[in-house]
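The values are calculated or read from the model by the stated rules, or taken from the named source; none is laboratory data. On a predicted model such as this, the values are computed, not experimentally measured, just so you know. Cβ coordinates were reconstructed from backbone atoms using ideal geometry, including for glycine residues, and neighbour counts include every protein chain displayed. These accessible areas exclude ligands, DNA and RNA; they are computed on the full protein's heavy atoms, side chains included. Shrake-Rupley method; radii C 1.70, N 1.55, O 1.52, S 1.80 Å.
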Amino acid sequence: MWNYNEKVMDFFLHPRNVGEVENPDGEAEVGNISCGDALKLTFKLDQNQRISEAKFKTFGCASAIASSSALTELIKGMTLEEASKVTNQQIVELLGELPEEKMHCSVMGMEALQAAIANYRKETPAAADPEDHGGALVCKCFGVTDTKIRLVAKVNNLHSAEEITHYCKAGGACGSCLGTIQEILDELWHAEKNKTSAPAKEDFLALPIVRRIAKVQEVIDKEIKPLLEHDGGSIELIDLEGAHVKVRLAGRCASCPASNVTLKHTVEDKLREFVSSEIVVENIQ
């Protein structure tokens, strides 16, 4: 027997907004009855493009019903832009708490809302079609893709496969995908750690001209020139005006028919990566 708090029990025993909105502006069905939980969400907008009415039909446990009911209360009065940013954590906050093993019910609510908004906008929800959105099916038992696993992990700061199971059921049946789920999580958080630990770039245009030239020259000498010299070419820094870098391609690069490609996809890309995204490169003949 799950130990639910008073708010969860209230939303379960006295659910708000049960049913379907007549002629809805947006609607969606998520989950699967055969897997234990399913939710249909419908909403209507008023003349100010705010959600004036939202209703649900849920097949599932007390947590699923309470989460769906709380969701409809949460989004009423919101614009679609505001509603699109609602996370499952906000649903849980309105309920007070949910057992860890039932967090997937709040995720189902978030997923239904995103799908209903996509329905209104005539878009495909980001995790709805693995092939269209670059996702790969990870959990065949519950139809969960790597796209959904990453989304749920980032929203809820999840680091273990067991936590993912609590939040979206993946790995909760046969368990054969648990190793893959952990690999996805390890890769995700390793990438996130690298992002946060990377030093912030200085405001390039705010630097004195001498320092700007030195930074550009350093990248040319260390990152660009060795690549060009490997193919018999070379490069020389001619001038710098703001973020406008003037160079002269030399050697084979000077006469190469693909010199413009080299300029944009080697020289400019490297300078934007290591110096400033504002840099534009010009070849001086």
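What is the residue count in the range 224-261 for residues that are part of a helix (DSSP H, G or I) and open to solvent by 30 Å² or more (accessible area, probe 1.4 Å)?
10
Return a yes/no flag: does the range 109-117 have any residue that is under 19 Å from Val152 (Cβ atoms) and either surrounded by fewer than 16 Cβ atoms within 10 Å (Cβ to Cβ) or hydroxyl-bearing (Ser, Thr, Tyr) (or both).
no
Search the range 38-52 for residues that are touching a residue at least 24 places away in the same chain (Cβ under 8 Å) and at negative phi and pair each with any residue that is surrounded by fewer than 15 Cβ atoms within 10 Å (Cβ to Cβ) and of a type in the set (Ser, Thr, Tyr) when their beta-carbon atoms are under 8 Å apart and the residues are at least 6 apart or on different chains.
Going by the 8 Å Cβ cut-off, the qualifying pairs are Arg50/Thr79; Ile51/Thr79.
Considering only the range 78-89, I want to know if a residue exists there that is open to solvent by less than 40 Å² (accessible area, probe 1.4 Å), part of a helix (DSSP H, G or I), among the polar types (S, T, N, Q) and over 19 Å from Asn48 (Cβ atoms).
Yes, because at least one residue in the range 78-89 is open to solvent by less than 40 Å² (accessible area, probe 1.4 Å), part of a helix (DSSP H, G or I), among the polar types (S, T, N, Q) and over 19 Å from Asn48 (Cβ atoms).
With the structure loaded, tell me whether Glu53 is buried (at least 16 other Cβ atoms within 10 Å of the Cβ) and assigned to a strand (DSSP E or B) or whether it fails that test.
Judged against the criteria, Glu53 is a match.
Contact list please: Cβ distance under 6 Å, first residue in the range 57-83 and under 15 Å from Lys102 (Cα atoms) and polar (S, T, N, Q), second residue part of a strand (DSSP E or B) and open to solvent by 10 Å² or more (accessible area, probe 1.4 Å), pairs at least six apart or on different chains.
These pairs meet every condition: Ser68/Thr58.
Could you please tell me which pairs satisfy a Cβ distance under 8 Å, a separation of 6+ or placement on different chains, a first residue in the range 160-172 that is more than 10 Å from Ile149 (Cβ to Cβ), and a second residue that is polar (S, T, N, Q) and at pLDDT below 90?
As it stands, the answer is Glu163/Asn156, since those pairs meet every condition given.
Within the range 159-171, track down each residue that is open to solvent by less than 50 Å² (accessible area, probe 1.4 Å) and in a loop (DSSP other than H, G, I, E, B).
Ser160, Lys169, Ala170, Gly171
Can you name the residue in the range 172-199 that is among the small types (Gly, Ala, Ser) and part of a helix (DSSP H, G or I) and is also surrounded by the fewest Cβ atoms within 10 Å (Cβ to Cβ) among such residues? Show your work before the answer.
We begin by selecting, within the range 172-199, every residue among the small types (Gly, Ala, Ser); these are 172-173, 175-176, 179, 191, 197-198.
Checking the rest, the ones that are also part of a helix (DSSP H, G or I) come to 179, 191, 197.
Values: Gly179: 11, Ala191: 10, Ser197: 7.
Per the criteria, the residue is Ser197.
Exactly one of these conditions fails for Trp2: (1) touching an Asp or Glu at 6+ places or on another chain (Cβ under 9 Å); (2) modelled with pLDDT of 90 or more; (3) open to solvent by 20 Å² or more (accessible area, probe 1.4 Å); (4) among the hydrophobic types (A, V, I, L, M, F, W, C). Give me its number.
(2)
So if I check each of Glu241, Glu163, Glu192, Glu183, which one is over 30 Å from Glu101 (Cα atoms) and either charged (D, E, K, R) or in contact with a helix residue (DSSP H, G or I) (Cβ under 8 Å, 6 or more places away or on another chain) (or both)?
Working: Glu163 fails: over 30 Å from Glu101 (Cα atoms); Glu192 fails: over 30 Å from Glu101 (Cα atoms); Glu183 fails: over 30 Å from Glu101 (Cα atoms).
Exactly one residue qualifies, and that residue is Glu241.
Among Leu45, Leu94, which is the only one that is within 15 Å of Ala116 (Cα to Cα) and open to solvent by less than 70 Å² (accessible area, probe 1.4 Å)?
So the residue among Leu45, Leu94 that is within 15 Å of Ala116 (Cα to Cα) and open to solvent by less than 70 Å² (accessible area, probe 1.4 Å) is Leu45.
Name the residues in the range 36-95 that are under 21 Å from Asn156 (Cβ atoms) and of a type in the set (Lys, Arg), would you?
Lys85
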